[in-house]
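Data first, discussion second: the structure below is written as structure tokens.
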Amino acid sequence: MDIDLDPIEQLDAPIYHRYHATSSRAITPFLHAMKRGELLGHLSTATGKVLFPPLGACPESGQATHMPVILSDSGTVLGFTTVHLPIPGSKLVPPFTVANILLDGADQACGHLISECEINAVAIGMRVTAVWRAKEIWNNSLENIEYFRPIAEPLVDIDELQKQCLIKANHRKKSAQGDQDA
Amino acid sequence: MREVAIVAYAQSPQVRQEKVLNEVEILMPVIEEALAEAAMTMDDIDFVCSGSCDYIAGGAFSFVSAVDALGATPSKMESHVEMDAAWALYESWLKIQTGEISSALIYGFGKSSVGELPDVMSQQCDPYYLAPLWPDSISLAGIQASALLATGRYTERDFADVVVESRRKAKTNPNAQLSGDVSADHLIEAPYIASPLRRHDCCPITDGASVLIITDKSALPKAKTKPVYIRGIDHRMEAHQLGIRTLSESKSSTLALANAKDQAGIEQFDLAELYAPFSPQTLILKDALALNDKVDINPSGGPLAGHIMMSAGLDRFGMSFRALQSSTVKTALAHATSGPCLQHNMIAILEAG
Amino acid sequence: MTEPRENLLEADFELGFTYTRSPGVIIGKFLAALQQQQIYGIRANDGTVLFPPTEYDPRTAESLHDFVPLTDLGRLLYWTWIDQPRDHHQISQPFAFAMIQLDGADVPFLHRMFADSAEHLSVGMAVKVQWAEQRRGAITDIHGFVTAEGEQS
């Protein structure tokens, strides 16, 4: 026989899981540095590259990283996107621009927001610097930087920039490996 | 069929809680150790396959960040299963059979201490009839244990004896979390946590990672160790609904074993590593696989001595490999399971080369 | 190698997956009936009655359509007694997860069984549905089962 009722079509079935996270060996010093207003990267001795934010592993070599390097809070835009759709749960009001920013001294770009300029003015190679929130509310996160704003410097040729980065990384790699041999 | 051999295996200590290291940090030295054992580098690895589950530690796409531990530059051919890494091994074995690759590195990892594993596991149940009741993994195993007792084949005392054996054998396993001499008389005095199961009948919450390397015979590394060949391997799944199955038996294990035996032409095993996370399941499997007293069951202590969720099945292959490396015995049966109450079972027959 | 313990940062967090499920026509009708306190199984092609109903026979993969009305009575087959329920169980008192076979069905299914203690449970005992006070068309419209001993012959 059939059941003479309209089927239930939609069933709310939310699932909630609780966790207790710890900050891990490599990320802990980075998070403490953020609270002090310092941007702490890791030097990968296997490649000579400076990784930011540091995750404790050098993805190119698979080696653990732990050697701290304090980075500048200025950098260069390697790429960007402007978001026009609201993101559920996000405080950000569209349109806003998210950029891959290569901090001066780093070899790995870090994602952050760009503001204090027209959306159409954001460009690859643009020089930017961090705008920090009030020191009193600093916590252990990258959110202490509210966003990056443009600085009055000429656009950078990012291909050339990345070439220079690679040369410097190779120097650091040699010197790091020389240190290990010594 | 191409002849596929296990050539290296490494495992982190199976600890109750790894507070300091994250998954990638646990994994890196284990990968290094396995590569060193095989005297291989990542350049010698054609394919990488892992098993993990993001719900366990609540890190979205944690299997992607785990690739950081590989040094996968230039890029590696890579895959992942949201299953025990034994199924990552199966995928890798198949890929070797197709002739596409000659070597694979397989890993599994899990930090169960971060979340509430028994509750997370309940969400693998069907979402209409089972999951809304949140039957946790221990309760489901309790139901199965109770079904086994109802057959009259075993008693709670037999469950305790399984635990006594596990702890005793685990004394020689330096990575074991639980080991030592305990008496069944003492164990059955403990209170139930999900009757008829007591805490000791359940595998311990464990953090850790394991890595295993396989190669085609033509690509065997000039390793110091003797290879262990996978002579037969098969996996079979039963219906998900508990009421449809006979929970006191494991028909899919019996069938997978028959198929693996056909491939291998091997009938008797010196040892068996069974992925039975709850003690009564060891007895169900022992019967389903017709293992007699000549078979050394779980010489590593098995999952009751340490249970890295998502890698404990792969560890059965690894522990069999280790046992065949270090003794004169020749053949082993490795078993892995997935799904509630032994729903899905894999059997492999291994032979020292 | 390990950092001093006090240096580690720790935090509790919760992940929510706010899924909405589409149960499909067979399960959807079964759940609609459950909301009305009506219980149906489904007849497989070999004549056996499966409960809870699925749109296919898990043993043969044949599609199924023939609902069979059942009562709220059944038998307790086996169970696990939970002395300390977990938060997710949403049950504050000790209870059992049990395999229960409804009268007229040929296979058991898993649900909650309530009793004062494990000692009050026995194999084959008669049980009956305890309905949830608020029903929304979900398997939890059946809150659980309680003894029906002495209420039927």
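Bear in mind these aren't lab numbers, they're just calculated from the coordinates by the rules spelled out. Owing to the predicted nature of the structure, the values given are computational and were not obtained by experimental measurement. Cβ sites come from the backbone with ideal geometry, for glycine too, and all protein chains shown count toward neighbours.
Just order B:236-249, B:129-142, B:12-25 by mean Cβ neighbour count inside 10 Å, highest at the front, would you? Mind dumping the intermediate values first?
On the way: B:236-249: 19.5, B:129-142: 24.3, B:12-25: 21.1.
Order by mean packing, descending: B:129-142, B:12-25, B:236-249.
Per residue of A:57-69, other chain Cβ atoms within 10 Å of the residue Cβ number 5 on average.
Here's the list of aspartates and glutamates a cross-link from A:Lys163 could span, going by alpha-carbon distance under 18 Å and ignoring same-chain residues fewer than 8 apart: A:Glu60, A:Asp104, A:Asp107. Leaving out same-chain residues fewer than 8 places away, which aspartates and glutamates sit with a Cα under 14 Å from that of A:Lys135? Once the sequence-local aspartates and glutamates are set aside, what remains near A:Lys135 is A:Glu38, A:Glu143, A:Glu146.
Quick one: net charge around A:Arg18, please, counting Lys, Arg +1 and Asp, Glu -1 for every other residue with C-beta under 13 Å from its C-beta.
Working: positive: C:Arg86; negative: B:Glu116, B:Asp119, C:Asp12, C:Glu14, C:Asp87.
That sum, taken over residues with Cβ under 13 Å, equals -4.
Counting, for every residue in C:48-54, the Cβ atoms of other protein chains within 10 Å of its Cβ and taking the mean gives 3.
When the alpha-carbon atoms of region A:27-158 are used, the pair Rg, Dmax equals 15.2, 41 angstrom. Determine the sum of side-chain charges near C:His88: Lys and Arg each +1, Asp and Glu each -1, restricted to other residues whose C-beta is under 14 angstrom from that of C:His88. Surrounding charge for C:His88 is -2. Which Cα, out of B:Leu283, B:Pro13, B:Ser253, lies furthest along the positive dipole direction of the protein assembly as shown (beta carbon charges, K/R +1, D/E -1)? Checking the options against the dipole of the protein assembly as shown, the answer is B:Pro13.
Could you tell me how many cubic angstrom of Cα convex hull volume chain B has per residue? Intermediate results must be reported in sequence, preceding the final value.
Numbers: hull volume 45.4 nm³, N = 353.
Expressed per residue, the convex hull around the Cα atoms of chain B is 128 Å³.
Each DSSP beta bridge with both residues in chain B is either parallel or antiparallel, and the antiparallel ones are about 70%.
With a Förster radius of 41 Å applied to the beta-carbon distance between C:Glu149 and B:Asn292, the computed FRET efficiency rounds to 0.40. With a 10 Å cut-off around each Cβ of C:18-25, the average count of Cβ atoms from other chains is 6.
Values of log10 I(q)/I(0) for the protein assembly as shown across q = 0.07, 0.09 Å⁻¹ run -0.57, -0.89, by the Debye formula with one identical scatterer at each alpha carbon and no solvent. The listed peptides C:32-45, A:136-149, ordered by packing as a protection proxy, come out as C:32-45, A:136-149 (highest mean of other Cβ atoms within 10 Å first). Comparing Cα centroids, region B:224-282 and region A:87-163 end up 55 angstrom apart. No solvent, one uniform scatterer per C-alpha: report log10 I(q)/I(0) for chain C via the Debye equation at q = 0.10, 0.11, 0.18, 0.19 1/Å, two decimals. Log-scaled intensity ratios, in q order: -0.46, -0.53, -1.15, -1.24.
Quick one: order B:Val48, A:Val156, C:Val146 by neighbouring beta-carbon count within 10 Å, fewest to most. Could the numbers behind the result be given before it?
Numbers: B:Val48 24, A:Val156 18, C:Val146 15.
Lowest count first: C:Val146, A:Val156, B:Val48.
Each residue of region B:292-302 was assigned a 3J(HN,Hα) from its phi angle through the Karplus expression (A = 6.51, B = -1.76, C = 1.60, θ = phi - 60°), giving 8, 6, 6, 8, 7, 8, 6, x, 7, x, x Hz with x at Gly and Pro. Candidates B:Ile45, B:His200, B:Ala85 compared by Cα position along the dipole of chain B: farthest toward the positive end lies B:His200, with charges placed on Cβ.
Beta bridges per DSSP, both residues in region C:21-147: antiparallel share near 95 percent. Fewest neighbouring Cβ atoms within 10 Å first, the residues B:Arg316, C:Arg21 line up as C:Arg21, B:Arg316.
A simple spin-label model places the labels of A:Glu38 and C:Gln84 4.4 nm from each other, with each point 7 Å out along Cα-to-Cβ. Simple rule: put +1 on each Lys or Arg Cβ and -1 on each Asp or Glu Cβ in the protein assembly as shown, find the dipole, and look at B:Leu220, A:Leu11, B:Tyr107; the Cα lying farthest toward the positive end is B:Leu220. Dividing the summed -39500 (n - 2.57) terms of all DSSP H runs of n ≥ 4 by the residue count of the protein assembly as shown sets its mean residue ellipticity at 222 nm at -7000 deg cm²/dmol.
Nearest 20 debye, what's the magnitude of the dipole of region A:52-182 about its Cα centre given +1 on Lys and Arg Cβ and -1 on Asp and Glu Cβ? It would help to have the intermediate numbers written out before the result.
Numbers: 10 positive and 15 negative charges, 30 e Å.
So the magnitude is around 140 debye.
Could you pull out which residues in region C:75-96 have an amide N less than 12 Å from a spot 7 Å beyond the Cα of C:Glu119, following the Cα-Cβ vector? Answer for this model: none. Placing dummy labels 7 Å off each Cα toward the beta-carbon, the span from A:Glu118 to C:Arg135 is 6.4 nm.
Computed over neighbours whose Cβ is under 12 Å from that of C:Ile139, the net charge equals +2, Lys and Arg +1, Asp and Glu -1. Dipole magnitude for chain B: about 680 debye, using +1 per Lys or Arg Cβ and -1 per Asp or Glu Cβ, origin at the Cα centre.
Relative to the Cα centre, what is the charge dipole magnitude of the protein assembly as shown, using +1 at the beta carbon of each Lys and Arg, -1 at the beta carbon of each Asp and Glu, and rounding to the nearest 20 debye?
That gives the protein assembly as shown a dipole magnitude of about 1360 debye.
Extent along the principal axes, Cα only, for region B:1-98: 43, 28, 26 Å, with the longest axis given first.
Relative to the dominant Cα principal axis of chain A, helix A:158-181 is inclined by about 70°.
Say the cut-off is 31 Å between C-alpha atoms; which of A:Lys173/B:Lys76; A:Lys49/B:Lys111; A:Lys91/A:Lys173; B:Lys169/B:Lys226 go over it?
Values: A:Lys173/B:Lys76 23 Å; A:Lys49/B:Lys111 29 Å; A:Lys91/A:Lys173 41 Å; B:Lys169/B:Lys226 24 Å.
Too far apart for the 31 Å limit: A:Lys91/A:Lys173.
Sort out for me the Cα centre separation of region B:123-186 from region B:12-33, rounded to whole Å. What the calculation gives is 26 Å, centre to centre.
Put a dot 7 Å past the Cα of A:Glu160, heading toward its Cβ, do the same for B:Gln263, and the two dots end up 5.9 nm apart. Annotation: aspartates and glutamates with alpha-carbon distance below 15 angstrom to B:Lys217 (same-chain offsets under eight excluded): B:Glu3, B:Asp44, B:Asp46, B:Glu100, B:Glu351.
Of the peptides C:91-98, A:23-30, the ranking by mean beta-carbon count within 10 Å, highest at the top, reads A:23-30, C:91-98.
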